[in-house]
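S.K.: This is the structure I have questions about; it appears just below.
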């Protein structure tokens, strides 16, 4: 994480007028663990101004449980490789269940990345999972189309 990262975030918030509580930064395990001690301080400073924090690609990096506890995170984003393997690999299902339980125990939101099938959604719902991203919900759209979604609401034909 760059030394001036915090000041850059503050400057963007000021110049855009965005309420910090409406900003969630997704930071990968790799970035956080490059200089974990410094990252802890920067994350606490971001939390102090109200920014939401999520650990992206959770499970594929090399974070330790002690840092997972020390990072002031709001969400863990379970990497898509685990979600993709749910139906074919019992081990992946066990790991995803454990990740959901870890996130819930730490009072974090748990976000499944790469959700593409009803079977994946059903499995995740049985585990008490809360949020997801992926083609099952909606394919990527250009900014103008997203603005239309916000203005007119999402149609059932686009989002399951």
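Values quoted throughout were computed directly from the atomic coordinates according to the rules given, and no laboratory measurement underlies them. Because the structure is a prediction, the values reported are computed rather than measured. Glycine also receives a Cβ, built like all others from the backbone with ideal geometry; neighbour counts cover every protein chain displayed.
S.K.: Within the stretch 1-20, which residues are in a loop (DSSP other than H, G, I, E, B), under 25 Å from residue 37 (Cα atoms) and out of contact with any helix residue (DSSP H, G or I) (no Cβ under 9 Å at 6 or more places or on another chain)?
M.R.: Within the stretch 1-20, 4 is the sole residue that qualifies.
S.K.: Answer with yes or no whether residue 86 is in contact with a strand residue (DSSP E or B) (Cβ under 8 Å, 6 or more places away or on another chain) and in contact (Cβ under 8 Å) with a residue 12 or more places away in the chain.
M.R.: When the stated conditions are applied, residue 86 does not pass them.
S.K.: While we're looking at this one, here's another question. Which of the numbered conditions does residue 51 fail, given that it passes all the others? Conditions: (1) without any contact (Cβ under 8 Å) to a residue 40 or more places away in the chain; (2) under 16 Å from residue 1 (Cβ atoms).
M.R.: All conditions pass for residue 51, except number (1).
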